[in-house]
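The values are calculated or read from the model by the stated rules, or taken from the named source; none is laboratory data. Values in this document were obtained by computation on a predicted structure and should not be read as measured data. Note that we place each Cβ from the backbone using ideal geometry, even for glycine, and neighbour counts take in every protein chain shown. What goes into the accessible areas is simple: the full protein's heavy atoms, side chains included, and nothing from ligands, DNA or RNA. Shrake-Rupley method; radii C 1.70, N 1.55, O 1.52, S 1.80 Å.
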Amino acid sequence: MNASSPGRIVLLTTSHRVAPGLLSWPAWQALHGADRVLCADGTHPQLPYLREAGIQVDETAPTAEDLVDSCAGGHTVVVVATGEGEPRLTDGLARLAGSGRVQMPDLELLPASYDLPGARLLDLVQVMDRIRAECPWSSQQTHKGLAKYGIEEAYELVEAIEEGDRDELREELGDVLLQVVFHARIAEEGGLEDDDEPFSIDDVAGGIVTKLIHRHPHVFGDETASTPEEVKEHWLRTKAVEKQRTSVTEGVPLGQPGLALAAKLASRARTAGLEVPLPQGEGVGYELLALAVHAETNGVDPEAALRAAARAYRDAIRASEG
């Protein structure tokens with residue numbers, strides 16, 4: 001150790017979204033090799049695991065001056081950062097360095113654990129738990145009461161996609177995700193709306209993971225698929241086995257917009273190889289049915305096509321208004 005060396009400060013950051021104790025090897029090396037390990041938060045989730053590993057941690061919140069003094073003589077001090085980071089400490093160190101009056105230790109920022117992809121979803125679940133418990137409005141909501149918002153958010157998402165607005169797309173995806181987490185949080189309580197079998201967001205995620213794996217045997221199994229058409233064939237075949245439906249129309253929600261409903265029924269019939277003559281009748285409904293089936297046959301989404309035409313009509317109205 002060089003007595004004239006200003007030493008070294010290691011600011012150790014960890015993610016609260018990763019299980020405590022799962023630190024990187026460089027982090028463990030720094031902790032075991034340090035002359036002192038400090039942490040201002042006595043309830044920091046890492047502390048029990050550090051102490052179990054034989055590391056002595058001093059629960060203290062040093063000033064920048066104290067920390068620089070502790071490093072004098074070539075010592076290494078590791079600061080286990082709190083969840084908010086250490087803004088007061090780092091600001092103080094920056095002021096000392098800028099003064100030019102102090103020989104500063106080497107300062108190293110060492111991430112000890114990183115968020116995995118999707119880690120912020122844990123934050124969303126945690127926030128939703130608190131809102132459900134403490135918000136007077138959210139705590140009273142039911143599946144039926146929220147249903148209309150799910151429809152609204154889905155339409156707003158479609159609009160953002162069609163408008164090509166990426167900022168709006170990100171926001172609307174969040175709003176749709178909120179609906180999923182909100183409904184799952186309500187379902188977790190059980191006993192509401194004649195729901196005697198509670199389930200959680202983990203059950204929802206687990207269910208869709210199982211479904212995706214089962215319906216992608218060309219990815220997770222031994223089957224092969226080199227074209228989108230082959231993928232769709234796998235999907236439809238496994239879905240048919242799962243559902244054991246007696247009609248291709250089963251599972252088609254009748255409450256969806258009329259053009260989309262007509263196109264979906266036409267798609268089901270075409271995929272099943274059924275040649276079904278269109279019902280004949282008087283009125284615009286049958287005319288729209290024929291147009292929707294014609295559009296689907298030609299690979300056109302009639303709902304999207306009508307929305308595009310309606311937007312053009314909206315622009316024309318605005319133009320006429322001056």
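Of note:
- In plain terms, if you count all Cα to Cα distances in the range 112-244 and split them into 5 Å steps from zero, the share in each step is 2, 8, 13, 14, 15, 18, 16, 9, 4, 1, 0 percent.
- Coil-residue GluC sites (Glu not before Pro) of the range 257-301, DSSP, other Cβ within 10 Å capped at 11: E275, E282
- Cα-based helix-to-principal-axis angle, 166-189 vs the chain, degrees rounded to 10: 90 degrees
- Calculated diffusion of the range 29-101, Stokes-Einstein form, Kirkwood radius summed over Cα pairs, 10 °C and 1.306 mPa s, µm²/s: 122 µm²/s
- Farthest toward the positive end of the dipole of the range 27-87, out of Q46, P62, G85, is the Cα of Q46, where the dipole comes from beta carbon charges about the Cα centre.
- Largest-first ordering by accessible area, 1.4 Å probe, given options I131, I186, I151: I151, I131, I186
- DSSP loop chymotrypsin sites (Phe, Trp or Tyr not before Pro) with at most 16 other Cβ within 10 Å excluded, longest remaining stretch of the chain: 200-322
- Per residue, the chain exposes 64 Å² of accessible surface when a 1.4 Å probe is rolled over the protein heavy atoms with every protein chain present.
- Taking the 1.4 Å solvent-accessible surface of the chain as the whole, the part contributed by carbon and sulfur is 56%.
- Stokes-Einstein D (µm²/s) once Rh is taken as the Kirkwood radius of the chain over alpha-carbon pairs, at 25 °C in 0.890 mPa s: 94 µm²/s
- Pairwise FRET efficiency - A61 versus Y313, Cβ, R0 = 51 Å, nearest 0.05: 0.20
- Assigned charges on the beta-carbon of Lys, Arg, Asp, Glu; the range 169-294 dipole about Cα centre (debye): 660 debye
- Over all other residues within a Cβ to Cβ distance under 15 Å of L289, the charged ones net out to -1, with Lys and Arg as +1 and Asp and Glu as -1.
- Entries of K232/K264; K144/K239; K243/K264; K239/K264 with Cα pairs more than 23 Å apart: K144/K239
- Whole-Hz Karplus values for the range 38-54 come out as 10, 8, 7, 10, x, 9, 4, x, 7, 4, x, 6, 5, 5, 5, 7, x Hz, taken residue by residue from phi with 6.51 cos²θ - 1.76 cosθ + 1.60 and θ = phi - 60°; glycine and proline positions read x.
- Computed over every Cα-Cα pair of the range 203-254 and binned at 10 Å starting from 0, the pair-distance distribution P(r) comes out as 23, 45, 31, 2 percent.
- Environment charge of A240, counting only residues whose C-beta is closer than 12 Å and scoring Lys/Arg +1, Asp/Glu -1: +3
- Loop trypsin sites (Lys or Arg not before Pro), the range 193-244, which have at most 14 other Cβ atoms in a 10 Å radius of their Cβ (DSSP): none
- Acute angle (nearest 10 degrees) that the helix 258-271 long axis makes with the longest principal axis of the chain, alpha-carbon atoms: 80 degrees
- DSSP-defined beta bridges in the chain - what % are antiparallel, rounded to 5: 10 percent
- Cut-off 13 Å between beta-carbons: net charge of the residues surrounding A308, Lys and Arg +1, Asp and Glu -1: -3
- In Å², nearest 10: area of S113 left accessible to a 1.4 Å probe: 20 Å²
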